[in-house]
Amino acid sequence: MDGPACCVECFNHDWVRGYVREVSEQKGDCDYCEAEGVDVVGIEALAGPFNNLLGLFVRSNDEHGDPLIELVQGEHELFADDLYDSGEAARLLGDILECGWDDDSGAPPVDVNEDYHVRSRAWFHATWFDAWQNFCEDVRQDPAHEPSLPELLEDELVRIEVVLPQGTVLYRARPGFDGDGRRVRRPYGGAQIGAPPPEKARAGRANAKGEVVLYVADQEATAVAEVRPWRGLNVSVAELRAARDLRIVDLSKEPPPLNPFTDEAPQYQREIEELLAAFGEELSRPVRRADDPLDYVPCQKLVRRIRRSGWCDGIRYPSAMAPGGTNLVLFDPAVADIGASKLIEVGGVRVTYGPADGE
């Protein structure tokens with residue numbers, strides 16, 4: 001190597017440490033942390049991955065930014081603490097980025113002490129999350145308004161796909177029971193506890209009025225909690241089984257971790273993750289009688305777009321009524337066979353509360 005070399009001990013980030021070990025062809029002394037007899041690599045070998053990382057940041061045009069070296073360390077814990085505290089991390093970062101600078105690009109060299117923003121948090125940057133928020137507001141004025149979302153959204157949803165094998169058990173609950181309530185009390189079963197017919201299908205966050213979908217839960221306790229029971233209430237609970245393998249968009253878990261050094265368009269990936277998290281949160285919000293029906297329209301339109309793609313059977317999302325539990329909306333009720341049902345009595349309900357919206 002002709003230029004300065006750094007070593008594995010300069011870094012705290014697991015991927016970078018592994019990459020240095022992988023590309024290193026010799027042991028030697030580090031020009032930055034002064035470690036001796038360690039795996040070393042010429043800094044030019046890191047220029048590509050670090051330029052990819054740089055895409056997550058943008059130069060500040062106001063007085064509210066932070067030095068790039070501080071943002072990189074704070075967001076990714078990139079450098080070893082001792083190297084960062086000594087100031088050598090700033091020198092190393094600057095040298096690596098200078099190796100990747102194209103002097104014919106017209107862009108000035110990167111100054112790691114210059115103020116930057118995390119790109120998705122820069123006030124002037126319109127992210128997909130911002131677009132979703134704006135759409136939610138616009139649809140109140142014009143319910144026919146359609147969301148302007150990335151064309152590759154379906155490709156991103158595939159990244160968080162899970163497959164529920166045929167036979168997977170799901171649960172559905174309905175308050176009450178069949179019978180006269182005195183001598184005869186039978187749990188609702190079959191069509192009584194399945195998806196409602198179109199004329200009885202009320203609007204929900206994932207369906208418009210008259211649009212038939214099947215809301216179920218992964219756990220029995222979650223299904224019961226979703227009917228908002230009170231102590232002493234009788235609830236019919238049915239087991240359902242997946243009639244075939246089901247492809248599900250899973251919004252209940254975070255997408256696979258982003259690798260800012262190797263993923264293409266890492267900023268785009270981060271924005272999509274923010275959008276999907278917002279969508280999952282919106283789906284999980286309980287439907288209330290006092291809600292304005294227009295509040296449901298943004299979610300309904302996004303669900304409709306996912307349905308039209310044709311590749312998935314439903315969406316899993318967190319339960320707001322049973323923290324830690326998960327619900328699913330199945331686009332075609334026929335993909336789940338309704339099995340045996342039982343009648344339970346709610347023994348107690350735990351109440352939590354906090355300030356109302358706007359307070």
### Query
For residues in the range 181-208 being basic (K, R) and touching a residue at least 12 places away in the same chain (Cβ under 8 Å), which is nearest to V237 (Cα to Cα)?
R186
### Message
Kindly evaluate A223 against the criterion of being assigned by TED's automatic domain parsing to the domain that holds P333, in a loop (DSSP other than H, G, I, E, B), hydrophobic (A, V, I, L, M, F, W, C) and buried (at least 16 other Cβ atoms within 10 Å of the Cβ).
### Response
no
### Query
Out of the range 16-71, which residues are part of a strand (DSSP E or B) and in contact with a Leu (Cβ under 8 Å, 6 or more places away or on another chain)?
F57
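Looking only at the range 150-189, count every residue that is in a helix (DSSP H, G or I) and at pLDDT 95 or above and tell me the total.
Within the range 150-189, the first condition is being in a helix (DSSP H, G or I), and the residues that meet it are 153-158.
Next, from what is left, pick out any that are at pLDDT 95 or above: none.
Count: 0.
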#### Entry: Enumeration of residues in the range 6-47 that are closer than 19 Å to L71 by Cα and of a type in the set (G, A, S)
A47
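Conditions tested, residue by residue: (1) surrounded by fewer than 14 Cβ atoms within 10 Å (Cβ to Cβ); (2) over 25 Å from D295 (Cα atoms); (3) over 29 Å from the mean Cα position of the chain (by Cα); (4) of a type outside the set (A, V, I, L, M).
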site	(1), (2), (3), (4)
L170	no, yes, no, no
G179	yes, yes, yes, yes
R182	yes, yes, yes, yes
Y188	no, yes, yes, yes
G194	no, yes, yes, yes
P198	yes, no, yes, yes
E211	no, no, no, yes
### Message
Considering only residues that are surrounded by 12 or more Cβ atoms within 10 Å (Cβ to Cβ) and in a loop (DSSP other than H, G, I, E, B), which ones fall in the range 334-348?
### Response
V346
### Message
Between a residue in the range 17-42 that is surrounded by fewer than 18 Cβ atoms within 10 Å (Cβ to Cβ) and any residue that is of a type in the set (K, R) and not in a helix (DSSP H, G or I), which pairs come within a Cβ distance under 7 Å, given they are 6 or more apart or on different chains?
### Response
G37/K27
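Condition check ((1) on the phi < 0 side of the Ramachandran plot; (2) assigned by TED's automatic domain parsing to the domain that holds F57; (3) at pLDDT 80 or above; (4) surrounded by fewer than 14 Cβ atoms within 10 Å (Cβ to Cβ)) across all residues:
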position: N234; (1), (2), (3), (4): yes, no, yes, no
position: F261; (1), (2), (3), (4): yes, no, yes, no
position: A265; (1), (2), (3), (4): no, no, no, yes
position: Y268; (1), (2), (3), (4): yes, no, no, no
position: S284; (1), (2), (3), (4): yes, no, yes, no
position: R288; (1), (2), (3), (4): yes, no, no, yes
position: D291; (1), (2), (3), (4): yes, no, no, yes
position: C299; (1), (2), (3), (4): yes, no, yes, no
### D66 vs. criteria modelled with pLDDT of 95 or more, over 21 Å from N259 (Cβ atoms), surrounded by fewer than 20 Cβ atoms within 10 Å (Cβ to Cβ) and in the same structural domain as C10 (by TED's automatic domain parsing)
no
### Summary
Pairs returned, first residue in the range 43-55 that is touching a residue at least 40 places away in the same chain (Cβ under 8 Å), second residue that is hydroxyl-bearing (S, T, Y), beta-carbon separation under 8 angstrom, 6 or more apart or interchain, are L46/Y19; P49/Y19; P49/T262; N52/T262
### Task
Please specify each residue of the range 72-97 satisfying the condition of being under 26 Å from the mean Cα position of the chain (by Cα), of a type outside the set (G, A, S) and either surrounded by 16 or more Cβ atoms within 10 Å (Cβ to Cβ) or assigned to a helix (DSSP H, G or I) (or both).
V72, Q73, E75, H76, L78
## Note on the structure
Conditions (1) surrounded by fewer than 17 Cβ atoms within 10 Å (Cβ to Cβ); (2) modelled with pLDDT under 90; (3) within 28 Å of Y317 (Cα to Cα) -> P147 fails only (1)
### Message
Restricting to the range 304-333, and then to whatever is aromatic (F, W, Y) and over 19 Å from the mean Cα position of the chain (by Cα), can you tell me which residue is surrounded by the most Cβ atoms within 10 Å (Cβ to Cβ)?
### Response
F331
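The values are calculated or read from the model by the stated rules, or taken from the named source; none is laboratory data. As the structure is a prediction and not an experimental result, all values here were calculated from the model. Here the Cβ is made from the backbone with ideal geometry for all residues, glycine too, and neighbour counts use every protein chain on show.
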